[in-house]
Amino acid sequence: MDKYVCNVCGYVYDPEAGDPDSGVDPGTAFADLPADWVCPVCGADKSEFSKED
Amino acid sequence: MRAVEIAKGVYNVGVIDWNIRDFHGYSTEKGSTYNAFLIVDEKVVLIDTVKKGFEDQLLDNISRIIDPKKIDIMISNHTEMDHSGSLPKIMHYIGEEKPLYCSKMGLKNLAQHFKQQWNYHGVENGEELNIGSRTLTFLETRMLHWPDSMFTYCKEDKILFSSDAFGQHYAGYEMFDDVVGHTIMSHAKKYFANILMLYAPKILKLIEHVGEIGLDIEMICPDHGIIWRKDPGKIIEAYAQWSRQIPEKKAIVVYDTMWHSTQKMAEAISAGISAEGVSARPIHIRSSHRSDIMTEVLDAKAIVVGSPTLNNNLFPTVSDILTYMKGLKPKNKIGAAFGSYGWSGESVKLISAELEAMKFDMIEPGMKIQYVPDSDGLASCMEFGRQIGRAVNRQ
C-alpha cells in the first residue's frame, strides 16, 4: 500500500501504521480513510496529500 | 520595556531584544521584541513568556502590576523557544501546579522541549475559559506556523492574541501601529515572506474562517513587534493580499560571482528586463541577506538565478538561497537560469532543476557563457533579459 505525504507539513501517512490517535486502524489504505480525516499534525484535509515518490 | 496597559486590565509585559541581528538565519536589523500579555481579572492570566535569558525582565515587568505569584493561569500560544524559553523559570516562580493551557499539539511539543511534569490543559479548538469578567476563546491555528500554534481571543475586549501571526521583528519604544508609522509594514512583509509564505493557502482559509465566525477584532497583539490597534484590518488585508501571491510586474536577478563574469551577465539581463518596462534589480547574494532576498521574491513575477560553475557545482551561496527559497514555496513565478563557467558549466542545468522543482514556469534554454562575456555575449544577455521581460508582461 502506498504512503501519502501531507503537502502542508510533510507528515507521511503510512497505511501499515494507520493513525490510531484518530481512530484509524493499522492496515487502512489512504483511499479508505474517512472523508473527514485530517492530517494529525497540521489539520490539512485529504485533498492536500500526495502519493509519496 | 516597562509594562504598558494596552486595554483596561490588559498589559504587555514583554521585553525588547535590541541587539539580536540573526534570528535563526533571518536578519533582524532592527532587533525584535518578545511580547507577553498579562490579564488581571478575577483570575490572573499570563499569555506566553519570552526568550530564555530575558525571564528576569519579564518578572520585573509583571511585578510592576502584580506579584507574579498571583498568576493563576499560564497560556502558551506557541511552543517555539522565543516564547516558551522562560516557561521553566516562570512556572517555578508562580507555582508548578498552576494550570498551563495550550493546544493539543502544544501539549505534545512542550513535553518534548521541557521535562517538567506541568499541569497541562490541552484545549479543543473553540474551547472557552472564563476568568471573571472576561471569557477567553482558544482557536487552533495549526501550521501558522508550527503544529502547536494557536490564538487566544478575548471577546469582551475584542483582542486577538495572535502568537507569531501579524508579527514583525522590530524593537522600539513605539508599541502601536498609530505611533510607529508606515515603515512597520515593510517589517511585517519581511516577516510574512520569511516565516509564513509557505502557509499562504492556510492563511487564506483562516481569514475566511474568522470572517465566518464573525470574530470582532479591535486589537491584534502579536508576539513580536508592535500591536495593531488603530487599524487591525490593515494587517489582515495585507496578509490576504500577500497570501494570494499575485505578483507585481517585477523581476529579480539573484546571483553570485567569482571573477565578475556572472555579475556582468546579471546586470545585462536586468537591463534587458527593464527595457521591456518591467521593474528589475540585480541582487548579489553576498551583498544581501537571504531573508531580504525572500522579501523581494514575495511579490516578484520572475526569479532569475545566476551562478558560476565551481568544481562542477553551484557556487555555495547560490545553493543556500535556492534551498531557503524552495522551503518557503513561492507560487506563480517565472524562472530562468544563467551563469559563466570555465570548462564544464553545470551551474545553469543545476539551477534550472531546482527552479523546476519549485514548479516555476521556466524560460528555456538558460544562458551560459564561457569565461568572460564579450560585447556579443552581453548583447545576448540583454536579449535574454528582454525575453524574460516580455514573459512577465504576458502574464
Q: Look through the stretch B:153-169, keep the residues that are touching a Ser or Thr at 6+ places or on another chain (Cβ under 7 Å) and either assigned to a strand (DSSP E or B) or modelled with pLDDT under 95 (or both), and return whichever of them is farthest from the other protein chains (Cβ to nearest Cβ).
A: B:161
Q) Which one of B:263, B:241 is open to solvent by 40 Å² or more (accessible area, probe 1.4 Å) and in contact with a His (Cβ under 8 Å, 6 or more places away or on another chain)? A) B:263
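Considering only residues that are without any contact (Cβ under 8 Å) to a residue 40 or more places away in the chain and within 20 Å of the chain's Cα centre (by Cα), which ones fall in the stretch B:297-323?
Our first condition is that a residue be without any contact (Cβ under 8 Å) to a residue 40 or more places away in the chain; within the stretch B:297-323, this holds for B:309, B:311-314, B:316, B:319-320, B:322-323.
Within the stretch B:297-323, B:320, B:322, B:323 qualify.
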Q: Tell me, yes or no, whether the stretch A:37-48 has at least one residue that is in contact with a Phe, Trp or Tyr (Cβ under 9 Å, 6 or more places away or on another chain) and open to solvent by 50 Å² or more (accessible area, probe 1.4 Å).
A: yes
Q: Please state which one of B:364, B:383 is of a type in the set (D, E, K, R), more than 13 Å from residue B:307 (Cβ to Cβ) and without any contact (Cβ under 8 Å) to a residue 40 or more places away in the chain.
A: B:364
Q. Any chance the stretch B:40-50 includes a residue that's of a type outside the set (Asp, Glu), more than 16 Å from residue B:223 (Cα to Cα) and surrounded by fewer than 17 Cβ atoms within 10 Å (Cβ to Cβ)?
A. no
Q: Within the stretch B:144-168, count every residue that is open to solvent by less than 10 Å² (accessible area, probe 1.4 Å) and either more than 25 Å from residue B:214 (Cβ to Cβ) or free of Cβ contacts under 8 Å to residues at least 12 places away in the same chain (or both).
A: 2
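What residue, of B:16, B:62, is closer than 24 Å to residue B:116 by Cα, buried (at least 17 other Cβ atoms within 10 Å of the Cβ), assigned by TED's automatic domain parsing to the domain that holds residue B:113 and of a type in the set (A, V, I, L, M, F, W, C)? Even if it seems obvious, please write down each step before you answer.
Numbers: B:16 fails: closer than 24 Å to residue B:116 by Cα.
B:62 is the lone residue from the list that is closer than 24 Å to residue B:116 by Cα, buried (at least 17 other Cβ atoms within 10 Å of the Cβ), assigned by TED's automatic domain parsing to the domain that holds residue B:113 and of a type in the set (A, V, I, L, M, F, W, C).
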Q.
Just the residues that are open to solvent by 20 Å² or more (accessible area, probe 1.4 Å) and facing chain A (nearest Cβ under 10 Å), please, taken from the stretch B:129-143.
A. B:140, B:142
**Q.** Residue pairs meeting the criteria (Cβ under 9 Å; at least 6 apart or on separate chains; first within 14 Å of chain A (Cβ to nearest Cβ), in the stretch B:104-122; second loosely packed, with under 14 Cβ neighbours inside 10 Å and not in a strand (DSSP E or B))
**A.** B:104/B:124
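Please enumerate the residues belonging to the stretch B:199-208 that are in contact with a helix residue (DSSP H, G or I) (Cβ under 7 Å, 6 or more places away or on another chain) and open to solvent by 20 Å² or more (accessible area, probe 1.4 Å).
Keep residues of the stretch B:199-208 that are in contact with a helix residue (DSSP H, G or I) (Cβ under 7 Å, 6 or more places away or on another chain), which gives B:200, B:203-204, B:207.
Answer for the stretch B:199-208, where residues must be in contact with a helix residue (DSSP H, G or I) (Cβ under 7 Å, 6 or more places away or on another chain) and open to solvent by 20 Å² or more (accessible area, probe 1.4 Å): B:204, B:207.
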(Q) Give me the residue from the stretch A:10-53 that is of a type in the set (Ser, Thr, Tyr) and touching a residue at least 24 places away in the same chain (Cβ under 8 Å) and, out of that set, farthest from the other protein chains (Cβ to nearest Cβ). (A) A:13
Q. Counting only residues that are assigned to a loop (DSSP other than H, G, I, E, B) and open to solvent by less than 30 Å² (accessible area, probe 1.4 Å), which one in the stretch A:1-27 is nearest to residue B:327 (Cα to Cα)?
A. A:8
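The values are calculated or read from the model by the stated rules, or taken from the named source; none is laboratory data. Note that the coordinates shown come from a computational prediction; the quantities given were computed from them, not determined experimentally. With ideal geometry, Cβ positions are generated from the backbone for all residues, glycine too; neighbour counts draw on all protein chains shown. Please note that ligands, DNA and RNA were not included when accessible areas were found on the heavy atoms of the full protein model with its side chains. Shrake-Rupley method; radii C 1.70, N 1.55, O 1.52, S 1.80 Å.
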